[in-house]
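Input: a single structure, listed below in structure tokens.
Taken together, the values in this text are just the output of simple stated rules run on the coordinates, not laboratory data. As the structure is a computational prediction, the values presented were derived from the model and not from experiment. Here the Cβ positions follow ideal geometry from the backbone for every residue, glycine too, while neighbour counts run over all protein chains shown.
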Number of protein chains: 2
Amino acid sequence: MAQPNPPAAKTAITPRRDEDFPEWYQQVIRAAEMAEASDVRGSMVIRPWGYGIWENMQRQLDAKFKATGHRNAYFPLFIPLSYFAKEAEHVEGFAKECAVVTHTRLEINAEGKMVPGSPLTEPLVVRPTSETIIGASYAKWVQSYRDLPILLNQWCNIVRWEMRPRIFLRTTEFLWQEGHTVHETEAEAREETKRMLDVYEEFARDHVALPVFHGEKSESERFPGAVQTLCIEAMVQDRKAIQAGTSHFLGQNFSRASGIQFQTRDGKQEFGWTTSWGMTTRMIGTLIMMHADDDGLVLPPRIAPTHIVIIPITPKEETRAAVLEAADKLAAQLRAMSYAGSPIEVEVDNRDLGGGVKSWEWVKKGVPLRVEIGPRDLESGNVAVSRRDQAVKAKAFLKTEEFVQQASDLLVSIQQNLLTRATEFRDANTRVIDSKDEFYAFFTPKNSGKPEIHGGFALTHWDGSRGVEDQIKNDLKVTIRCIPFDDAANPPEPGTCPFTGNPSPRRVIWAKAY
Amino acid sequence: MAQPNPPAAKTAITPRRDEDFPEWYQQVIRAAEMAEASDVRGSMVIRPWGYGIWENMQRQLDAKFKATGHRNAYFPLFIPLSYFAKEAEHVEGFAKECAVVTHTRLEINAEGKMVPGSPLTEPLVVRPTSETIIGASYAKWVQSYRDLPILLNQWCNIVRWEMRPRIFLRTTEFLWQEGHTVHETEAEAREETKRMLDVYEEFARDHVALPVFHGEKSESERFPGAVQTLCIEAMVQDRKAIQAGTSHFLGQNFSRASGIQFQTRDGKQEFGWTTSWGMTTRMIGTLIMMHADDDGLVLPPRIAPTHIVIIPITPKEETRAAVLEAADKLAAQLRAMSYAGSPIEVEVDNRDLGGGVKSWEWVKKGVPLRVEIGPRDLESGNVAVSRRDQAVKAKAFLKTEEFVQQASDLLVSIQQNLLTRATEFRDANTRVIDSKDEFYAFFTPKNSGKPEIHGGFALTHWDGSRGVEDQIKNDLKVTIRCIPFDDAANPPEPGTCPFTGNPSPRRVIWAKAY
């Protein structure tokens, strides 16, 4: 499946980012063997290299959930249609995306064709999110304020029928985690909503090397049924935004719908205050679009399934055994070292292929460090080390012992470099815009004939009206990504909405988005 | 939900095992807050205590899969009906258990009722197992013998419509792992099939303290489409068998159906040799039925979410702070110790409830070690330690330091004791039976009026005919659990089938089963 090793002047991925960004994205995924489309429309197959990244994300995020007092549980995949319909905005928001189980059994019909057999009395919706099915359990578990808070999370698959699927970013089936909590007071639930957004932000920044903006969604972009949706928004290399995690304050909407009621400290009955929050396999698509380059995937070391690949170079039969032995010895030394609290993950690529072919495969898979070791290196006691965040041809020759000692620091440095690079890119493409003309120019490609990377994040005033949002979405496909929080570090600066001339309490973040 | 603390003479669970085993099982699960039925028929909600056990099983089994060269991946939940129908025996075996998605979207009909909207051109089966959908990917990935073996596993949810659901043991939706491998030769695939059965056996024995018999299924109990099904079978406390893991040699049946073909070393085209193997949340039901007692769950330490619970006893306000401080200090000391390669998991139960009430809750949850610490213990420097594998009232008074040093050994001892106990129980209820009358008597309750624990495993000759299996299943609800492997430790002993008088190559294991 992988592409052949291209001549030096070319890039490993065709097309390049600047030629055709969407196609480049597909080719990076293909070349790294991360995932592929399946024959089930909109559903993907996540291959081991992609799934290994998800396992790392899952383990690291799960540790953060547990450190903030959450435990995992598992609720049914199927939601009875009547449950699902309990919250009016919710069902309206998801109705178009539902897959519905209407039958059990398969049987052979009169024409000898296999068809669905027994109709169900009540159709079952395949969960597009689990507020309503989890709410049914919470209603049973919660009687008194003593039963609160409930702080649970679930890792599972989700189905939302997609008309325009795009691998990892928007698929009919995807993997995610969904936290669902119930609290005694509104203040506690609002705190939880913010706490989990902070967890996402920290995870994105420190693990995936993604700098994000955070804030609140406008009403039109809110989760169906929520009172408030908080989000983190990343800018990827075509300068579009990707929503990388959301945390919802649900007020009492869902507890009213599900009957989650408790006796308060002063003996009254009240509905619980609930939250929900989720992050998905979309994060993998985000990291590809942010960090990959024209030679393929570039993985932040924290979430790379393999940190270091050792490529033995064995041009002559007589030195072959010695080189392989040295490679295994080096691997053992590296595995005894730790990075970010765990052993360094090392792979030795012993396959009987040319060193160049092997090296390019690992370039395309984005492994942070590649180490070549050949007969001459055995004599000199050196290894040739290449960092994936630097030019593919760049090599540093290090004494083997020195490299073993420095390996962990090199990984730290790559992680930091990817974050710095992403932050600089984002900041260079984020602009304060206070005029309508400039705003329209910013979001319009110069050569209207062909697709072109343009735009970015615009910090622009907004009068708070839905009409402005609709107009701009219609004209430019640009939406409000978030309304930044008002805090000491980021005080609101009142001004004038350039689209209407009405007063605006603060600038908000606008962008084209996935 | 938990039951009130019963008077000393009674047991914490009502009814007792000998009174009504099936109801006792439900009550143990309820009292431990492990899981509960949901309103979706046959689907369960796995609560945090039950899910914590599954997380441990998953992590430990996953490590064994990786150590045997497997990697994880993820394939679609939905299988197009046409794929599913490719292997004739397979579709026949699962047709009755399928849930079928026929529509996407929900819409409001003319009567104002919410109903399924757009019919799908081809219905989708919710995976009851994934051979056919995974086979479609493997057919694309495999071209040459160089692409083999493929050694993948997936952790996911599975749906098989159940007419008689029983929590954990038989549910419409359950969680499992399914390994799917492709090999160049029949011999390699057969080796893999056996290797993974060995992994299951080792996991059951060393982690879940379940001694199991292993062997091959007779044709009537084989996985639909398999050439050979290997299994491990546990005996639980009502002396019935539970199939606790299966590993299938699929021959070329599924590769033929999916078109998994490769170029051999001598340039010919051949179909791949495939295997599949699975273990499910049913393992949780098995461990309950094996280890729990009339006071509730008893957890093998290896898979317990909490190893040690510390219960501060605070009868007087003036010593309260000192006791809580001592409890936290002890917890910190214990967490610094390791058991089975990981830190000891400790919980301090600081809730403002009586010590007896709290202690009984942890008894019912099956935590291996309970430690009480009160004002008098502070003076004496002692703690009162109770092992869940001993009588609930039994306490050992140990110097705190001594307990910290011994904690890991105590956990090892409990794990070993549970395995020994289970092995003795199984052996005491496994009998060589060579006459038909004795066989029928063994499997018939003495008081036919009410349910009664009886029977066990019978090692009895069989002539290999389906007729005998059908007759005995019909008469006694007894089936062949497995045909033991012929190996040096367990040589086949030819004899006579007591049901027909025909010759029999060896005794096989018969039992009633879940």
*Amide proton proximity set for A:TRP277, modelled H, under 5 Å, gap of 5+*: A:GLY179, A:HIS248
*Once amide H atoms are placed 1.01 Å from N in the peptide plane, what residues at a sequence separation of 5 or more from A:GLU162, or on another chain, have their amide H within under 5 Å of its amide H?*
A:THR172
_Compute, for the protein assembly as shown, the length of the dipole vector about the Cα centre, with Cβ point charges of +1 (Lys, Arg) and -1 (Asp, Glu) only. Units Debye, rounded to 20._
440 debye
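Of all beta bridges DSSP finds with both residues in segment B:335-451, what is the antiparallel percent, to the nearest 5?
Beta bridges within segment B:335-451, antiparallel portion: roughly 100 percent.
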*Translational diffusion of segment B:166-227, µm² s⁻¹ [Kirkwood Rh, Cα pairs; Stokes-Einstein; 37 °C; 0.692 mPa s]*: 232 µm²/s
*asked:* Distances in nm, one decimal, shortest first, from A:GLU111 to the same residue in every other copy, taking the label point 7 angstrom along Cα→Cβ.
replied: 2.9
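Counting only DSSP beta bridges with both residues in segment B:277-393, tell me the antiparallel percent, nearest 5.
Taking every DSSP beta bridge within segment B:277-393, about 45 percent pair in antiparallel fashion.
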*So which trypsin sites (Lys or Arg not before Pro) in segment B:438-508 are both in a DSSP loop and have at most 14 other Cβ atoms within 10 Å of their Cβ?*
B:LYS446, B:LYS477
*What is the count of Lys pairs in segment A:138-280 whose alpha carbons sit under 29 Å apart, if the two are 8 or more places apart or on different chains?*
6
*Paramagnetic reach from B:ASN109 (point 7 Å along Cα→Cβ, amide N under 16 Å) across segment A:83-104*: A:100-103
_Phi to ³J(HN,Hα) by Karplus 6.51 cos²θ - 1.76 cosθ + 1.60 over segment A:280-295, Hz, x for Gly, Pro_ = 10, 5, 4, 4, 5, x, 4, 5, 4, 5, 7, 9, 5, 10, 6, 9
*Sparse-neighbour loop sites [GluC sites (Glu not before Pro); segment A:37-130; at most 15 other C-beta within 10 Å; DSSP]*: A:GLU111
*Theoretical ellipticity at 222 nm over the protein assembly as shown - DSSP helices of four or more residues, -39500 (n - 2.57) apiece, nearest 500*: -10500 deg cm²/dmol
*Pop out the ³J(HN,Hα) list for segment A:75-86 in order, Karplus 6.51 cos²θ - 1.76 cosθ + 1.60 with θ = phi - 60°, rounded to Hz; leave Gly and Pro as x.*
10, x, 5, 9, 10, x, 3, 5, 5, 4, 7, 5
*asked:* Placing unit charges on C-beta atoms (Lys and Arg positive, Asp and Glu negative, everything else neutral), compute the dipole magnitude of segment A:322-432 about its Cα centre in debye, rounded to 20.
replied: 500 debye
*Is there a simple number for the mean count of other chain Cβ atoms within 10 Å of the Cβ of residues in B:167-178, and what is it?*
1
*With a cut-off of at most 12 other beta carbons within 10 Å, and DSSP calling the residue loop, which trypsin sites (Lys or Arg not before Pro) in segment B:186-284 qualify? Please list them.*
B:ARG265, B:LYS268
*Among B:ALA428, B:GLY354, A:THR275, whose Cα sits farthest toward the positive end of the charge dipole of the protein assembly as shown (+1 at Cβ of Lys/Arg, -1 at Cβ of Asp/Glu, about the Cα centre)?*
A:THR275
_Can you return the lysines within cross-link range of A:LYS113? Criterion is Cα-Cα under 19 Å, with same-chain partners fewer than 8 residues away left out._
B:LYS86, B:LYS96
*Along each of the three principal axes of the Cα atoms of chain A, give the extent in whole Å, ordering the values from largest to smallest.*
82, 62, 60
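For segment B:215-275, just say rounded, prolate or oblate: build the C-alpha gyration tensor, square-root its eigenvalues into a ≥ b ≥ c, call rounded for a/c under 1.5, and beyond that prolate if a/b exceeds b/c, oblate if not.
Working: a/c = 4.46, a/b = 3.38, b/c = 1.32.
Prolate, because a/c is 1.5 or more and a/b exceeds b/c.
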_Estimated dipole of chain B in Debye, rounded to 20 [Cβ of Lys and Arg +1, of Asp and Glu -1, Cα centre]_ = 440 debye
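Is segment A:411-497 rounded, prolate or oblate when judged by the Cα gyration tensor, a ≥ b ≥ c being the square roots of its eigenvalues, rounded requiring a/c under 1.5 and prolate requiring a/b larger than b/c? Intermediate results must be reported in sequence, preceding the final value.
Working: a/c = 2.48, a/b = 1.24, b/c = 2.01.
It is oblate, given that a/c is not under 1.5 and a/b is not larger than b/c.
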*asked:* Below 8 Å between Cα atoms, with a sequence gap of 6+, how large is the relative contact order for chain B in percent?
replied: 14 percent
_For A:GLY495, distant residues with modelled amide H under 5 Å away_ = A:SER504, A:ARG506
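Rg to Rh for the protein assembly as shown: what is it, with Cα atoms only and Rh by Kirkwood?
That ratio equals 0.97.
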_Using each residue's phi in segment A:396-401, evaluate 6.51 cos²θ - 1.76 cosθ + 1.60 at θ = phi - 60° and report the 3J(HN,Hα) Karplus result to the nearest Hz, with x for Gly and Pro._
10, 9, 10, 4, 3, 4
